[in-house]
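Shown next, in structure tokens, is the structure this report addresses.
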Amino acid sequence: MRAAPGLARLVPKPYGETPAWCYNGAVPGPEIRVRQGERLRIAVENGLAEETTIHWHGVRVPNAMDGVPHLNQPPIAPGGTFIYEFDAVDAGTFWYHPHQRSFEQVGRGLYGPLIVEEPEPPQVDREVVWVLDDWRLTRAAEISDDFGNGHDISHNGRIGNTVTINGHVQNTLPVRSGERIRLRLINAANARIFGLDFQDLKPTVIALDGQPVIPHAPADGLVALGPAMRVDLILDMTGKPGSRVQVVDRFYRGLEYRLVDLAYDETPLRDSTPDWPIALPANPIPEPDLAGANRHEVIFNGGMMGGIVMAEMGGSMGESRRNGMGGGMMGMMHGQSIWFINGKAAEGHVLDPMLTLERNRSHVIVMTNATAWHHPIHLHGHSFRVISRNGAPTPHREWQDTVLMAPREKVEIAFVADNSGDWMFHCHILEHQAGGMMGVIRVA
Ligand code: C2O
Ligand code: CU
């Protein structure tokens, strides 16, 4: 794969094509699709004018293949190449993106889907992959170049004004009555959280972040996806031939918009809903032993929220100064180090571990979001079970690699630390990550 500048037809004519950064000349980059257990070998060539890497988000790869510059590998210099090689241990919906200045590199279009098929996938009529992205475009359909500005960093990230599915603003997806679709959703946006309402259709969630989950209807009827998260849905097309149904994104109150229409063909495919089984086979992830687990506390704070935050940040800022970490008040004033994990704001990828986890043991991380903002928190190298939210057990104990935390929410995750090495642990709102919301967890 080659990362290089190119043109993308994000918005329809009369707008022009948008100068973007592409893998193999396209946005999204090529779909990589393999069978579970197969080995991938991907040579990545850097045709950009700056360093890059690729991170295989959600894939449990060996540490040296994880794509974090300086931590796992030297960055790939302009003109250079790096060969990634790893096994697809888990079936599921994954994706790839750079981990070097990702707030700009991902924001300019560098990302793509990575699908690992089950040995025997559930029967469906059609599989559809939607890589969702949110762009901040100018009136000339160019990417606004205000990446990494202090306002985006200190608020809810780079929210854009143009949402694309697979690199285009889409109007309709043709469907047929009676059809069963497996829809794989991937949120590749820097910052936008989606809450998709499929209206009359009753989507069933069968996987989260690539990992099978007991099939269930989405909570509150909305399919929620924070940045980097994936959801696999089974969608039975129960509407009438010739009709249409809108898919509406309702995540941000008052800012609802129509994402796309599902448009039924005049000819039905079949008269009733198929009764084929939809549950996915489990992936080979070790089960954490909750009773014997080591417990660790992680607190996220920082960001803007008026008077309250400054008082609250006093503590963490003080601590970060004492530890000689973070940007202190000056950094914060420049909008750079404004987010803290356990009192520290990260600068760059060379980091001392914030936690060291004993290898092959079970660990529970108790995470508190002490901010006024949502944060999708991602751990590299592992999938974890989300076991509780605000003290209440989760109904599905879902495996995730990125967990969306609401403002003030407390979330417990559990996993066996079976993959040795230094792993990134960060907010996947890429502007928050750039603003310090990042740390390293060592498994040794
Ligand atoms: Cu999707 Cu640290 O990355
Ligand atoms: Cu965040």
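The values are calculated or read from the model by the stated rules, or taken from the named source; none is laboratory data. None of the values given here were measured: they were computed from a predicted structure. As a convention, Cβ positions derive from the backbone with ideal geometry for all residues, glycine included, and neighbour counts pool all protein chains shown. Side chains are part of the model used for accessible areas, which takes the heavy atoms of the whole protein and leaves out ligands, DNA and RNA. Shrake-Rupley method; radii C 1.70, N 1.55, O 1.52, S 1.80 Å.
Send over the per residue convex hull volume for segment 126-264, Cα only, as a whole number of Å³. Show your work: numbers first, answer last.
On the way: hull volume 16.7 nm³, N = 139.
Normalising the Cα hull of segment 126-264 by residue number yields 120 Å³.
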> What aspartates and glutamates could a cross-link reach from Lys240, if we take a straight Cα to Cα line under 12 Å and drop same-chain neighbours fewer than 8 places away?
Replying inline: Glu179, Asp200, Asp265, Glu266, Asp271
>> Among Asp418, Asp66, Asp275, which one shows the highest mean-square fluctuation when the chain is modelled as a Gaussian network with alpha-carbon springs under 10 Å?
In response: Asp275
> So how far, in whole Å, is the C-alpha centre of segment 6-46 from the one of segment 197-268?
Replying inline: 25 Å
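For the chain, what is the mean residue ellipticity at 222 nm derived from helices alone (per DSSP H run of n ≥ 4: -39500 (n - 2.57); sum divided by total residues; nearest 500 deg cm²/dmol)?
-2000 deg cm²/dmol
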> Once you list every other residue whose beta carbon is under 15 Å from the beta carbon of Thr52, what net charge do they have if Lys and Arg are +1 and Asp and Glu are -1?
Replying inline: -2
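Averaged per residue, what accessible surface does the chain expose to a 1.4 Å probe, in Å²? Each step should come with its number before you reach the end.
Working: 17110 Å² over 444 residues.
Here the per-residue accessible area is 39 Å².
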> Using a simple charge model, +1 on the beta-carbon of Lys and Arg, -1 on the beta-carbon of Asp and Glu, nothing else, what dipole does the chain show about its Cα centre, in debye to the nearest 20?
Replying inline: 460 debye
> By what distance, in whole Å, do the Cα atoms of segment 148-222 stretch along each of the three principal axes, largest value first?
Replying inline: 48, 30, 21
> Of all the Cα-Cα pairs you can form in segment 2-117, what percent are over 25 Å apart?
Replying inline: 22 percent
>> Rounded, prolate or oblate for segment 84-194? Axes are the square roots of the Cα gyration tensor eigenvalues, ordered a ≥ b ≥ c, and the cut-off for rounded is a/c under 1.5.
In response: oblate
> About its Cα centre, what dipole magnitude does segment 1-107 give when the only charges are +1 on Lys and Arg Cβ and -1 on Asp and Glu Cβ, stated in debye to the nearest 20?
Replying inline: 280 debye
> Restricting to the chain, what percent of DSSP beta bridges are antiparallel, rounded to 5?
Replying inline: 75 percent
>> How long are the semi-axes of the equivalent ellipsoid of the chain, defined as square roots of 5 times the Cα gyration tensor eigenvalues? Whole Å, largest first.
In response: 33, 26, 23
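Rounded if a/c is under 1.5, else prolate if a/b beats b/c, else oblate: with a ≥ b ≥ c from the C-alpha gyration tensor eigenvalues square-rooted, which is segment 395-440? All intermediate terms of the calculation are to be shown ahead of the outcome.
Values: a/c = 2.41, a/b = 1.10, b/c = 2.19.
Since a/c reaches 1.5 but b/c is at least a/b, the shape of segment 395-440 is classed as oblate.
Roughly speaking, to the nearest percent, how much of segment 346-444's 1.4 Å accessible area is carbon and sulfur? Provide the component values of the computation, followed by the final result.
On the way: 1430 of 2940 Å².
Taking all protein chains in place, segment 346-444 shows 49 percent carbon and sulfur surface.
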> Hey, any idea what % of segment 2-117's accessible area is carbon plus sulfur with a 1.4 Å probe?
Replying inline: 53 percent
> Label points 7 Å out from Cα along the Cβ direction at Val169 and Arg397: separation in nm?
Replying inline: 4.6 nm
> For segment 126-264, which whole-number percentage of the solvent-accessible area (1.4 Å probe, protein heavy atoms only) is attributable to carbon and sulfur atoms?
Replying inline: 49 percent
> Hey, which lysines would be in cross-link range of Lys410, C-alpha to C-alpha under 24 Å, not counting anything within fewer than 8 residues on its own chain?
Replying inline: Lys344
>> Checking the a/c ratio against 1.5 first, then a/b against b/c, what shape does the Cα gyration tensor give for segment 189-230?
In response: oblate
